[in-house]
Amino acid sequence: MDGYGVTVTFVDDCVMARLNWDALQHEGTTDVITFAYLEDGELFPGDTAVELVICADFAWREGAERDDSDFASELTLYMAHGFLHAAGEDDLDPASRKVMRRRESEVMDGLRKQFDFNTVFPGMR
């Protein structure tokens, strides 16, 4: 197998809160956690290079609360956000957060032209 693998796992609030604490020492749930192993130098072809853990409960709440989104769009946004983190984007300060939001918009606009997110994630909830 040439190349590296990607793993995307969908979890609930309880699992995400536990992982958020175990991995980052942050309390509570969150939308997505990214584990990127690209710079470890220990990857072999076929190894997992990026792991995304996405909280479906978080996406459900956000999708229901926001007029400009829905569950499937939130899941897609969290995937885009996670992959941007894996590619080196950061959102820890206002300037980098602004860049991240712009990049998310660019990715989401491109994906919307190609996919109906509700078809990609049919009946997930």
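So the values come out like this:
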{"item": "Whether segment 5-120 is rounded, prolate or oblate, judged on the alpha carbon gyration tensor where a/c under 1.5 counts as rounded", "result": "rounded"}
{"item": "Separation between Cα centres of segment 73-98 and segment 1-26, rounded to whole Å", "result": "15 Å"}
{"item": "Under the Karplus curve 6.51 cos²θ - 1.76 cosθ + 1.60, θ = phi - 60°, whole-Hz ³J(HN,Hα) for segment 14-28, x wherever Gly or Pro sits", "result": "4, 5, 5, 4, 5, 5, 4, 6, 4, 8, 10, 6, 9, 7, x"}
{"item": "Packing-based order for 104-110, 69-75, 92-98, using average beta carbon neighbours within 10 Å, highest first", "result": "69-75, 104-110, 92-98"}
{"item": "Protection-proxy order for peptides 56-68, 35-47, 19-31, each taking the mean of Cβ atoms within 10 Å per residue, highest first", "result": "56-68, 19-31, 35-47"}
{"item": "Student exercise, segment 37-125 dipole from Lys, Arg, Asp, Glu Cβ charges, in Debye to nearest 20", "result": "360 debye"}
{"item": "Helix-derived mean residue ellipticity, 222 nm - over the chain, DSSP H n ≥ 4, -39500 (n - 2.57), to 500", "result": "-16000 deg cm²/dmol"}
{"item": "Phi-based couplings in Hz for segment 84-99 (Karplus 6.51, -1.76, 1.60; Gly and Pro marked x)", "result": "5, 4, 4, 7, x, 6, 10, 9, 7, 10, x, 5, 6, 5, 5, 5"}
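Bear in mind that the values in this text are calculations on the coordinates, not laboratory data. The structure presented is a predicted model; accordingly, all values stated were derived computationally and were not measured. Neighbour counts are summed over all protein chains in view; Cβ atoms, including those assigned to glycine, are modelled from backbone coordinates with ideal geometry.
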